[in-house]
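> Below you'll find the structure I mean.
Just so you know, all these numbers are worked out from the coordinates, no wet-lab data involved. What you see is a predicted model; the values in this text were computed from it and never measured. Please note: Cβ atoms are built from the backbone with ideal geometry, for glycine as well, and neighbour counts cover all protein chains shown.
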Protein chains: 2
Amino acid sequence: MSKSNLAQAETPVTMNGVSVTGIFDTIAAVKKQPDLAEFRFRATNRWISGGHNRSSIQGFYGCGMEDTSREKPFFFDASEPPVLLANNEGANPVEFILHALAGCLTTTMVYHAAARGIAIEGVESSLEGDLDLRGFLGISEEVRKGYREIRVNMRVKSKGSPAVLRSLAQFSPVFDVVSRALPVIVTVETH
Amino acid sequence: MSKSNLAQAETPVTMNGVSVTGIFDTIAAVKKQPDLAEFRFRATNRWISGGHNRSSIQGFYGCGMEDTSREKPFFFDASEPPVLLANNEGANPVEFILHALAGCLTTTMVYHAAARGIAIEGVESSLEGDLDLRGFLGISEEVRKGYREIRVNMRVKSKGSPAVLRSLAQFSPVFDVVSRALPVIVTVETH
């Protein structure tokens, strides 16, 4: 699907369930005014007890304004299973990383494929991450605290080539966050 | 709280809502048999349409066995707001990264403080991450696709020192995942 096709369309063109017109409109707007591309996402979190806490996610800044599309916040509980000393009040934080990665690789593949006219009929993925608890426990400084490796297998119903689809998925922001070092600045205040 | 106190206790000692006995039992078990520290977490994800997909998280391997503590899976929807071409069917993947990070820093601080006898009465945190959409859109190769920086502010009700609490929080596995590069192996199959 070329841009000229899109320009001719009177109604929005949708592919893979996403507005292709919307994708090209966004690209055009950002090329014209790069500061529209600046996003700031946010979350707040409150500890409940032990390994259980809850995040709230609602507003963000993007496209030059504060977003108001969400009438209510999303709430997510994080907890741990009994073997990690809590009671499964939610998935645990490292499992949420796998969800974030799966969701982002999938959406990214679907959007970029739509922009290129590649039809996708289905995507299923399986993820696993290996973690040695000795890092978290402070038993060994040589063991990293987080995952040492994550593997993602994506099964896609599409006539697109696996190599192309993989390269499109890897435009994923969460793939970038997890696979590359990122400054994370933590400040702690007590009262 | 010293280990000798713990050894004398007949009932589990709890601090900050977490079993201190459980923490030291875990450390002792893993020191004796390091392969008990090996965990493998998992998620599966299925695309629904456009920017909307859903993850399922239930079992994992850890402490030398397959965990069976969860009778049902956790389900999480990922989506995008209208400005990113979906309809808020869930938080978006980069927002889930902030939730994972908040939850993990909090739990890690709480557990490590408990092991050191530092009482915590409350934790609230605020997170924000800056992302330039030009990376995702493929407009500029110089702009990274994910966050370029994440800031976390933690407000802790505790007599512990902010510097110590911060160093304890940074044992967090998700802090490690986000702040350091990690191999992420993506395979794509089509059918």
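> Using a label point 7 Å beyond Cα on the Cα-Cβ vector, give me the inter-copy distances for B:ARG46 in nanometres, one decimal, shortest first.
3.5
> Residue by residue, what Karplus-based ³J(HN,Hα) values in Hz, rounded to whole numbers, does region B:145-155 have, using 6.51, -1.76 and 1.60 with θ = phi - 60° and x for Gly and Pro?
Running phi through 6.51 cos²θ - 1.76 cosθ + 1.60 with θ = phi - 60° gives 7, x, 4, 9, 7, 10, 10, 10, 10, 10, 10 Hz.
> Over the Cα atoms of region A:113-170, compute the convex hull volume and normalise it per residue, giving Å³. Intermediate results must be reported in sequence, preceding the final value.
On the way: hull volume 5.3 nm³, N = 58.
In region A:113-170, the Cα hull volume divided by residue count equals 91 Å³.
> Output the pairs from A:LYS145/B:LYS157; A:LYS72/B:LYS159; A:LYS31/A:LYS159; A:LYS32/A:LYS157; A:LYS145/B:LYS145; B:LYS32/B:LYS72 with a Cα-Cα distance over 29 Å in this structure; if there are none, say none.
On the way: A:LYS145/B:LYS157 26 Å; A:LYS72/B:LYS159 35 Å; A:LYS31/A:LYS159 31 Å; A:LYS32/A:LYS157 35 Å; A:LYS145/B:LYS145 24 Å; B:LYS32/B:LYS72 33 Å.
Check vs 29 Å cut-off fails for A:LYS72/B:LYS159; A:LYS31/A:LYS159; A:LYS32/A:LYS157; B:LYS32/B:LYS72.
> Return the tail of the calculated pair distribution for region A:38-90, meaning the percent of Cα-Cα pairs more than 14 Å apart.
On the way: 805 of 1378 pairs.
When every Cα pair of region A:38-90 is considered, 58 percent fall beyond 14 Å.
> Sketch the reach of a paramagnetic label on B:ARG70 as a point 7 Å from Cα along Cα-to-Cβ, and name the residues of region A:46-85 whose backbone nitrogen lies under 17 Å away.
A:51-55, A:76-85
> Quick one: label points 7 angstrom along Cα→Cβ at A:ARG70, distances to the other copies in nm, smallest first?
2.1
> So if a site counts as exposed when it's one of the GluC sites (Glu not before Pro), its DSSP state isn't H, G, I, E or B, and it has at most 13 other Cβ atoms within 10 Å, what's the longest stretch of chain A without one? The partial results should precede the final answer.
On the way: sites that count: A:GLU10, A:GLU71, A:GLU141, A:GLU142.
So the longest stretch without any such site is A:72-140.
> Once the piece of chain linking A:ILE185 and A:LYS32 is laid out straight, how much longer is it, given 0.36 nm per residue of separation minus the C-alpha distance between them?
On the way: separation 153, 0.36 × 153 = 55.08 nm, distance 3.19 nm.
Here the segment from A:ILE185 to A:LYS32 would lengthen by 51.9 nm.
> Taking neighbour Cβ counts within 10 Å as the exposure measure, how do A:ILE57, A:ILE185 sort from fewest upward? Display every interim value, and only then the final one.
Values: A:ILE57 24, A:ILE185 10.
The order, fewest Cβ neighbours first, is A:ILE185, A:ILE57.
> Debye calculation, C-alpha points only, no solvent: report log10 I(q)/I(0) for chain A at q = 0.10 Å⁻¹, in the same order as the q values.
Values, matching the q order: -0.58.
> Which distances, in nm and shortest first, link the B:ALA29 label point to the same label point in every other copy, taking 7 Å along Cα→Cβ?
Label point to label point, same position, other copies: 5.3 nm.
> With a point put 7 Å past each Cα toward its Cβ, work out how far A:ARG155 is from B:GLU89 in nm, to one decimal.
Simple spin-label model gives 2.0 nm for this pair.
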